[in-house]
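Step one of this worksheet: look at the structure below.
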Amino acid sequence: MRVILDTNILLSALLSSAGAPAKLIDAWERNKFMLVACDQLVAELREVAGRPFLRRRLRGSVAESLAAGVRDFSLFIHDLPSGPRAPDSKDSYLLALAQAAAAEFLVTGDKQLIALRHYRSTRIVPPSAMIAALKARSADE
């Protein structure tokens, strides 16, 4: 199963080890799904982690370690199509990544993206729905 975790999910996982985003990172580390990423996602992760709000709450090495892990241990897509358009243009790369990777899920906390529900064959869901999908999948196995 190919899954994209939006930057807001990745950073939320670092801020709280108790929530659904942290459970998704754990599931990825246990190979329950294949994480899909690209240069734009890693760059956004590093940029947002460097903002004052997060710099006060996270050690830089923790965010950098996650960024390196995403780069090294994901299905990394180098060439994204230019057509997809998200409601917020800065999120268009996520739809392009979903298309290029044929991702089954895009997990995000962004309400505008969640409102789309789908982009082509990719389901756009909040973290709790992805946790439910993983549980259902493991029950079927």
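No lab work stands behind these numbers, since they all come straight from the coordinates. On a predicted model such as this, the values are computed, not experimentally measured, just so you know. Quick reminder, even Gly has a Cβ in these numbers, built from the backbone with ideal geometry, and neighbours come from all protein chains shown.
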Computed on Cα atoms only, the convex hull of the chain has an orientation-averaged projected area in nm² of 8.1
Charge dipole (the stretch 2-140, unit charges on Cβ, about Cα centre) - positive-most of 74, 9, 101: 9
Any idea which of 34, 21, 119 is furthest toward the positive side of the dipole for the chain, if Lys and Arg beta-carbons carry +1 and Asp and Glu beta-carbons -1? 21
Only four residue types carry charge here, +1 at the Cβ of Lys and Arg and -1 at the Cβ of Asp and Glu. Report the dipole size of the stretch 1-48 about the Cα centre in Debye, rounded to the nearest 20. 240
Could you rank the peptides 1-11, 25-35, 106-116 by their average count of other C-beta atoms within 10 Å per residue, with the highest value first? 1-11, 106-116, 25-35
Lys and Arg at +1, Asp and Glu at -1: add these up for the other residues within a Cβ distance under 14 Å of residue 75 and post the number. -2
Lysine pair number, Cα distance threshold 17 Å (strictly under), the chain, separation 8 or more or different chains: 4
Quick one: what are the phi-derived ³J(HN,Hα) couplings along the stretch 35-43, Karplus 6.51/-1.76/1.60 with θ = phi - 60°, whole Hz, x for glycine and proline? 6, 10, 8, 8, 4, 4, 5, 5, 5
The chain - charge dipole about Cα centre, Lys and Arg +1 at Cβ, Asp and Glu -1, debye rounded to 20: 380
Per-residue [θ]222 nm for the chain (sum of -39500 (n - 2.57) over DSSP H runs n ≥ 4, rounded to 500): -16000 deg cm²/dmol
